[in-house]
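First up is the structure itself, then whatever we jot down about it.
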Amino acid sequence: MSENVFAYTDGGVTAAQGFRASGVHAGFRRNTSKNDLALVVADAPCATAATFTQNVFCAAPVRFSRAQLAASSGNEHCGSMRAVVINSGNANAATGEAGVDLCREEAALVSDVVGCAPDEVLVASTGVIGVPLTMAPFKQGVPQAVAALSKDGGHAAAQAIMTTDTRPKECAVTIDGARLGCAGATFAVGGMAKGSGMIMPNMATMIAVITTDAPVKAPDLYALLKHAVGLSFNKVTVDSDTSTNDTCFMLASGAACPDAQPVEPGTQAFAVLQEAVCAVCTSLARQMARDGEGATKLVDVVVTGAASDADADAAARTIANSPLVKTAIAGHDANWGRIAGAVGRSGAQFCQEDVDIDIMGLPVCRGGLAQTFDEDEALRLFDELDEIVIAVDLGAGEASTTVWTCDFTHDYISINGDYRT
C-alpha cells in the first residue's frame, strides 16, 4: 500500500469526530494534582469492540464489560456502546462479586449523568490489586468529568489513566475520505493508552481506548481491532507479566460521513482503515515499551529468517524477556552471547551455524561465530541512541517479526519494590 495512506495528527482519543473526553481528580489517588478518572463519551451509541486480558485472575471491570457487550450483541467482544469510564489508583481486582456490583453502580451513575442507558457504559480500572473500591470517588468525580467533557479533553483523559507511567500515551492519524469511499470527508483514528509495567499481554492490551469516525459494523470493528492488537500491543513486553485488568476498547462513530455505508472487509477501504488502526496501536505500544518502568532505552528485537511465524515470535519474545539481555543493554554491554542463549532456549527451530546477530547495526555474530567489532563504537552508540535495535537472522526460513521491549535498570526494582508504599 502507498506511503500516504494516513497522516499523523494531534488530538489523541478525541481526534475522531463524535467523541468528547475528560480527565479529573476524583480521589482514587492521594495526590490531588493528578487526574485519576477518565471519561470518553460518544455523541450517540456506536459500534464498539474490545479485547481483554486472558489472565484467569481477571478483574471485576473485565468481567463486567464483557457482560455488557455480550448483553448488547450476544458477543463479549463487540456491541453498541456510548461511554467508557476508567479510574486509576485501584484495579478493582480480586474483589469478588462486590467488585462486579460496584461496576454496575458505576455504570448506572455514569449513564444517569451522561444521559444514556446503563447498558451502554463500559468500565475499566488500573492500580493496586486486592483493595476494595468504593463509590465515593465516582460520586464526586463523575459529575465533574461529565461537566468537563470536551473535544479537547483527550489529553486530560490520557493523564488520568496513568499509574507508574511517566508520560501520557496518545496517537492519532487522519485519512483522506476518498480512500474510504467518501470524497470530501476526512476520517480519523485516535487513541490513548496506559502501560509501564506488568506488561506482556495475550490477545489484550494494557488499558487503551481507540476511536474512529469511520463507519464500521461492530463485528468488523472487532476484526480490525483484533488484527491490530496482534501486531502491536501483543508484540510489546516490559517484564513478561500479564495484568489482571488488560483492556482495549475501540469505538466507531461514523460521524465523519454520516450517510456513508459501513466499510466492508475484503475491500480496499477496509485495508486502508486497517493500516491506520495498526499505525495508532503500534505507536501506543512503542510508547509503552519506551516508558517501561525505570527504562532508559526502547529496544526493538527484530527476528528474521525463522521457519514459521510462531518460531519468529518465540525467538523475539524470549530475547525481549531475558533479564540478562535487558540488563546488558542497561549496562551498555554488547554481550551478544546472552542474545544467542535466549534464542537457543526459545523453542524456535534453527541451526546455530546459520545464525547472524547484529546490535545497533554492528555485526557481532555471523554463522554462529563471534565477529570482531569495535567495543568503543558500541559504547558510543549506546550512549547516543535511545532506541536500540537487536537483529537476529535465524537462517531457517522466511518468517519474521518485531517485538518491542526496554532495558532493566535498578529503578525497575525500586518502583516495584515500593509500589504499595
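The values are calculated or read from the model by the stated rules, or taken from the named source; none is laboratory data. Every value quoted in this text rests on a predicted model; they were computed, and no experiment measured them. Heads up, the Cβs are rebuilt from the backbone with ideal geometry, glycines too, and the neighbour counts pull from every protein chain shown. Please note that ligands, DNA and RNA were not included when accessible areas were found on the heavy atoms of the full protein model with its side chains. Shrake-Rupley method; radii C 1.70, N 1.55, O 1.52, S 1.80 Å.
Give all pairs with beta carbons closer than 6 Å in which a residue from segment 245-272 that is closer than 15 Å to residue 211 by Cβ meets a residue that is of a type in the set (Ser, Thr, Tyr) and buried (at least 20 other Cβ atoms within 10 Å of the Cβ); count only pairs at least 6 apart in sequence or on separate chains.
Within 6 Å, the pairs are 248/51; 248/205; 251/48; 251/211; 252/212.
Those residues that are modelled with pLDDT of 95 or more, assigned to a helix (DSSP H, G or I) and touching a Gly at 6+ places or on another chain (Cβ under 8 Å), I need them from segment 285-312; list them, please.
The one that is modelled with pLDDT of 95 or more, assigned to a helix (DSSP H, G or I) and touching a Gly at 6+ places or on another chain (Cβ under 8 Å): 311.
Anything in segment 154-187 that is open to solvent by less than 30 Å² (accessible area, probe 1.4 Å), closer than 30 Å to residue 138 by Cβ, out of contact with any helix residue (DSSP H, G or I) (no Cβ under 8 Å at 6 or more places or on another chain) and not in a loop (DSSP other than H, G, I, E, B)? List them, or say none.
Answer for segment 154-187, where residues must be open to solvent by less than 30 Å² (accessible area, probe 1.4 Å), closer than 30 Å to residue 138 by Cβ, out of contact with any helix residue (DSSP H, G or I) (no Cβ under 8 Å at 6 or more places or on another chain) and not in a loop (DSSP other than H, G, I, E, B): just 160.
Give me a count of the residues in segment 244-260 that are open to solvent by less than 20 Å² (accessible area, probe 1.4 Å), assigned to a loop (DSSP other than H, G, I, E, B) and at pLDDT below 95.
Number satisfying all stated conditions: 3.
Which strands (runs of 3 or more DSSP E) does segment 318-421 wholly contain that include 1 or more residues that are touching a Lys or Arg at 6+ places or on another chain (Cβ under 6 Å) and open to solvent by less than 60 Å² (accessible area, probe 1.4 Å)?
356-359, 387-393, 399-406
Quick one: in segment 7-22, which of the residues that are out of contact with any Gly (no Cβ under 7 Å at 6 or more places or on another chain) and of a type outside the set (Ser, Thr, Tyr) is surrounded by the most Cβ atoms within 10 Å (Cβ to Cβ)?
Only one residue fits best here, namely 19.
Name the residue that is most open to solvent (accessible area, probe 1.4 Å), counting only residues in segment 272-317 that are farther than 18 Å from residue 51 by Cβ, of a type in the set (Asp, Glu) and under 19 Å from the mean Cα position of the chain (by Cα).
Only one residue fits best here, namely 275.
Table: residues versus (1) under 17 Å from the mean Cα position of the chain (by Cα); (2) not in a loop (DSSP other than H, G, I, E, B).
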{"residue": "13", "(1), (2)": "yes, yes"}
{"residue": "30", "(1), (2)": "no, no"}
{"residue": "40", "(1), (2)": "yes, yes"}
{"residue": "51", "(1), (2)": "yes, yes"}
{"residue": "67", "(1), (2)": "no, yes"}
{"residue": "80", "(1), (2)": "no, yes"}
{"residue": "88", "(1), (2)": "yes, yes"}
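Residue-wise test of (1) free of Cβ contacts under 8 Å to residues at least 24 places away in the same chain; (2) closer than 21 Å to residue 136 by Cα; (3) surrounded by 20 or more Cβ atoms within 10 Å (Cβ to Cβ).
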| site | (1), (2), (3) |
| --- | --- |
| 28 | no, yes, yes |
| 31 | yes, yes, no |
| 36 | no, yes, yes |
| 45 | no, no, no |
| 50 | no, no, yes |
| 56 | yes, no, no |
| 61 | no, yes, yes |
| 77 | no, no, yes |
| 100 | no, yes, no |
